[in-house]
Amino acid sequence: MPTLKFTVDNLSCAGCAGRAERALAATSGVTEASVNFANHTAVVTGRALAADLAKTLDTARYPARTATHQLSITGMSCASCTGRVERALSSLPGVLSATVNLATETATIRTLEGAVTPDALASTVTEAGYPASRVTDETPSRTASEITPLKRDTLIAGALTLPVFLAEMGGHLYPPIHHAIMGSIGIQSFWVLQFLLITLVLAWPGRRFFRIGLPLLAKGSPDMNSLVALGTLAAWVYSTIATFAPALLPEGTRAVYFEAAGVIVTLILAGRWMEARAKGRTGAAIRHLVGLRPDTVRVLRDGTPTEIPLSEVRTDDMIEARPGARIAVDGIVSEGTSFVDESMITGEPVPVAKSPGDTVTGGTINGQRPLTYRATAVGADTVLARIIDMVQTAQGAKLPIQALADRVVRIFVPVVLVIAALTVATWLLIGPTPALSHALVAGVAVLIIACPCAMGLATPTSIMVGTGRAAELGVLFRKGDALQRLDGAKVIAFDKTGTLTEGRPTLVDQATAQGVDATEALRLTAAVEHGSDHPIARAILAAAPGDLPTLHETENRPGYGLVARTSDQSLLVGSERLLAEQGVDTAPLADAIRRFADKGHTLVCLAIDGEAAAVFAVADQIKPGAKPAIDALHAQGLTVAMISGDSPNAAQAIAHQLGIDHVTAGVLPDGKVAAIADLRHRFGPVAFVGDGINDAPALAEAEIGLAIGTGTDVAIEAADIVLSSGRIAGVVNAVEISRRTMRNIRQNLFWAFAYNTALIPVAAGVLYPAFGVLLSPMLGAGAMALSSVFVLTNALRLRGIVPAQKDRPAPAPTTTEVPA
């Protein structure tokens with residue numbers, strides 16, 4: 001009976017350990033369980049699944065700690081291979097889940113911590129026929145190292161096959177070539193020469209198919225390499241018998257198909273070469289992000305600049321950033337002022353001004369002046385490292401849409417073998433003369449043309465390119481399935497404050513009575529508000545000139561406003577109600593007050609010496625890119641909603657300006673959850689856009705949560721998608737990328753299924769009775785090679801996605817003089 005040992009969390013006393021132990025012992029399949037409080041480990045004997053043990057402990061409130069491991073795998077050539085590796089890993093005790101990505105040739109395995117080692121995982125995959133090793137920071141990208149040998153093998157196979165192909169095909173197309181060969185060396189010598197050349201092709205560049213495919217066939221788990229090996233071996237064996245022992249074959253069937261075997265190997269190698277080159281381009285985004293890290297850093301040690309490797313930088317180190325140099329790690333500026341290009345992190349092209357106290361992010365580029373900054377995050381804790389980790393996680397994910405392909409691929413190769421056998425049998429039983437030759441051609445064509453590669457590459461390549469391009473545009477998909485869930489959203493719900501609006505009150509409008517100077521009115525109001533920490537007071541102060549008049553006395557009227565005096569004036573600053581209470585006639589400002597109130601603005605009134613002088617409109621101003629973003633979402637056929645804790649009047653005013661379809665106002669954070677449930681009931685799946693902190697319950701409730709904020713925001717942990725640029729235009733870009741990527745995946749899956757569904761019967765010979773057409777195995781090899789290249793090339797089109805929406809500058813506040 002297998003025994004698992006793993007780590008358990010939340011054990012604060014021996015009683016906790018006892019409860020966890022009893023819960024594990026009660027799990028189906030467990031014969032013995034013990035939990036050690038001292039070292040927080042559980043030891044379980046039995047055949048219970050790791051997932052069941054983890055679920056049991058979660059229910060008991062003592063969760064099992066999990067670990068995630070990555071393996072680099074070689075030898076996978078199709079979706080059948082990935083399925084076989086996943087099943088081998090999932091069968092190991094202690095494995096919770098295993099996902100294999102054909103495009104990146106990696107496996108991501110989640111296990112109970114301590115239950116299984118990375119070396120054991122790698123060993124299991126290697127024993128399944130696919131050499132594997134742990135992924136470390138030093139693990140090189142295999143794409144480049146694969147391209148060179150594939151190119152070499154393709155050229156060698158082509159050079160050896162070309163003479164045979166030209167002689168055979170040329171003889172069919174232009175009979176004098178055939179006659180010249182017969183008259184010079186004779187048919188038997190010509191066949192022997194073909195045997196020598198094609199045997200070299202199969203034994204040298206083509207040996208990879210036999211080395212991998214035949215052992216897997218012997219184990220009863222054939223893959224694409226097995227199909228190629230069987231097809232080429234059948235053509236070679238038949239041709240060899242026809243060359244050296246023709247008496248074993250019936251009269252009329254003595255022909256050779258050496259050129260078919262050679263061309264098949266050459267074309268498939270050429271397809272894999274092109275496939276490897278295309279795979280290299282799909283991972284360009286990750287390589288670009290990794291390349292943002294400088295190799296060395298200029299650190300101040302005892303006041304002296306010293307160049308050290310990036311890996312040796314520690315928190316609180318003082319680092320110099322020379323003009324034009326990359327910022328090495330996250331930090332806070334301590335000396336100097338400069339502009340920093342953050343486009344590679346946020347997707348925003350405009351450099352950002354930096355001065356002492358401002359934060360800088362690793363991977364960005366310093367401008368024309370030197371900066372000195374203190375390191376606050378290094379290594380895996382930097383924003384860039386977390387972005388890379390998020391993109392890699394998303395790229396390795398499996399989408400629900402891939403489930404059908406996975407089920408088909410699991411039985412695909414065995415079914416193709418059965419179809420090939422039935423094809424040969426049918427041709428031998430009812431085929432025309434020479435039946436054996438026809439049976440061989442049709443059987444080999446079925447084996448060669450079947451392509452599980454295209455089905456295996458259809459989804460992961462599109463995800464890799466789509467999420468990589470999204471990262472370049474400042475859209476970070478934390479989970480790969482967020483791509484599909486966002487594509488299915490019917491309504492986009494926005495939080496108001498800080499998302500659609502700036503999140504801080506500003507002076508947006510003002511009106512003055514006739515004869516009152518607008519600037520002077522603002523100076524007087526700001527002088528009265530000076531010293532207050534109220535957000536509205538700060539908005540007035542921020543808009544006022546710096547030289548404020550001196551006040552002799554100030555009296556606070558809580559809930560209404562302030563009363564103050566200058567050397568020669570009495571001032572009232574506050575609500576309309578304060579002015580009315582003090583007997584001030586607000587009729588000169590009535591129209592402006594009504595207009596501002598209808599827009600949901602907060603009003604600040606000023607009276608001078610008992611006369612209404614001015615009214616100021618303060619509001620949480622709409623972000624400059626909000627209106628075009630909402631318009632773009634409407635153009636994409638989406639319903640747009642807004643959920644706000646603000647008053648209904650203020651929320652409706654914002655919604656009217658933006659053209660929002662549905663408003664829910666006056667709700668607390670818990671109320672936002674109910675609002676999302678209501679939207680889902682009325683419209684369908686909901687995507688919620690918020691700041692990721694106060695909106696955490698709503699982000700969790702929605703089908704998809706998008707957080708607007710910088711990469712340093714805790715929104716990274718709260719949402720499915722993070723818009724690192726902090727711009728609302730990122731929502732439009734996220735939707736566009738999601739839709740384009742899912743459309744690309746559907747195109748790839750349609751091609752992969754349509755290709756195999758249509759061409760396998762053609763290869764078997766269904767067109768022969770009606771049209772006399774029998775597909776050549778060589779054409780089948782070309783079609784199979786091109787099918788994978790088509791899928792990869794189609795996915796690479798996603799690299800051309802351009803931002804669907806950009807922000808616009810904010811309008812300046814206006815001033816109106818009310819006529820008498």
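The values are calculated or read from the model by the stated rules, or taken from the named source; none is laboratory data. Being a predicted model, the structure only gives us computed values, none of them experimental. All Cβ positions, even for glycine, are placed from backbone atoms using ideal geometry, and neighbour counts span all protein chains on display. For the accessible areas, the whole protein counts, side chains as well, though only heavy atoms, and no ligand, DNA or RNA atoms are used. Shrake-Rupley method; radii C 1.70, N 1.55, O 1.52, S 1.80 Å.
Overview of results
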quantity	calculated
Protein accessible area in region 171-253, 1.4 Å probe - carbon and sulfur %	74 percent
Efficiency of FRET from Cβ geometry, Arg746 and Leu166, R₀ 30 Å, rounded to 0.05	0.15
Assigned charges on the beta-carbon of Lys, Arg, Asp, Glu; region 1-83 dipole about Cα centre (debye)	60 debye
Selection from Leu522, Val731, Leu230 lying farthest towards where the dipole of the chain points positive, charges on Cβ	Leu230
Hull-based mean projected area of the chain, where the convex hull spans the alpha carbons, in square nanometres	49.3 nm²
Exposure of Cys13 as accessible area (Å², to 10), given a probe of 1.4 Å and all protein chains	50 Å²
Proximal lysines relative to Lys672, as straight alpha-carbon distance under 16 Å, when same-chain residues fewer than 8 apart are discounted	Lys496
Largest to smallest accessible area among His438, His530, His288 [probe 1.4 Å]	His530, His288, His438
Highest average packing first - 127-133, 617-623, Cβ atoms within 10 Å	617-623, 127-133
Inter-part distance where region 71-140 and region 753-791 are each reduced to a Cα centre, Å	33 Å
Solution diffusion estimate, µm²/s, Stokes-Einstein, region 1-47, Kirkwood Rh from C-alpha pairs, 37 °C, viscosity 0.692 mPa s	313 µm²/s
Extension reserve of the Ala51-Thr550 stretch, reckoned as 0.36 nm per residue once the Cα distance is removed	172.4 nm
Burial ranking of peptide ranges 363-369, 110-116, 543-549, 780-786 (average Cβ count within 10 Å, highest at the top)	780-786, 110-116, 363-369, 543-549
Lys5/Glu127 FRET efficiency (R0 25 Å; Cβ-Cβ; nearest 0.05)	0.65
Solvent exposure of region 410-503 as accessible area per residue, Å², 1.4 Å probe	29 Å²
The chain, helix-only ellipticity at 222 nm - DSSP H runs n ≥ 4, -39,500 (n - 2.57), divided by all residues, nearest 500	-15500 deg cm²/dmol
For region 559-645, accessible area per residue (1.4 Å probe, heavy atoms of protein chains only), Å²	38 Å²
Portion, in percent, of the accessible area of region 380-439 that falls on carbon or sulfur, probe 1.4 Å	68 percent
Computed lengthening from Arg87 to Thr757, 0.36 nm per intervening residue step minus Cα-Cα distance	238.6 nm
Stokes-Einstein D (µm²/s) once Rh is taken as the Kirkwood radius of region 18-87 over alpha-carbon pairs, at 4 °C in 1.567 mPa s	92 µm²/s
In nm, spacing of pseudo-spin labels at Leu668 and Glu581 (7 Å Cα→C-beta vector)	2.9 nm
Calculated FRET efficiency for the pair Arg211/Ile411, C-beta based, R₀ 22 Å, to 0.05	0.35
Kirkwood-type radius of region 166-322, with distances r between different C-alpha atoms, in Å	20.7 Å
Using alpha-carbon coordinates, inclination of helix 669-683 to the longest axis of the chain, degrees	50 degrees
Mean Cβ neighbour count within 10 Å, used as a protection proxy, ranking 581-587, 410-416 highest first	410-416, 581-587
Lys/Arg +1, Asp/Glu -1 at C-beta; region 15-114 dipole; positive extreme among Leu71, Ala103, Thr27	Thr27
Spatial separation of Cα centroids for region 378-441 and region 586-644, in angstrom	59 Å
Accessible solvent surface per residue of region 92-245, calculated while the other protein chains remain in place, 1.4 angstrom probe, Å²	46 Å²
Dipole moment magnitude, nearest 20 debye, the chain about Cα centre, only Lys, Arg, Asp, Glu C-beta charged	3760 debye
Cα gyration tensor shape of region 283-395, rounded if a/c is under 1.5, else prolate or oblate by comparing a/b with b/c	oblate
Label point distance in nm, Ala218-Asp119, each placed 7 Å from Cα along Cα→Cβ	2.8 nm
Spacing of the two label points (7 Å from each Cα toward its C-beta) at Ser532 and Arg22, in nm	6.1 nm
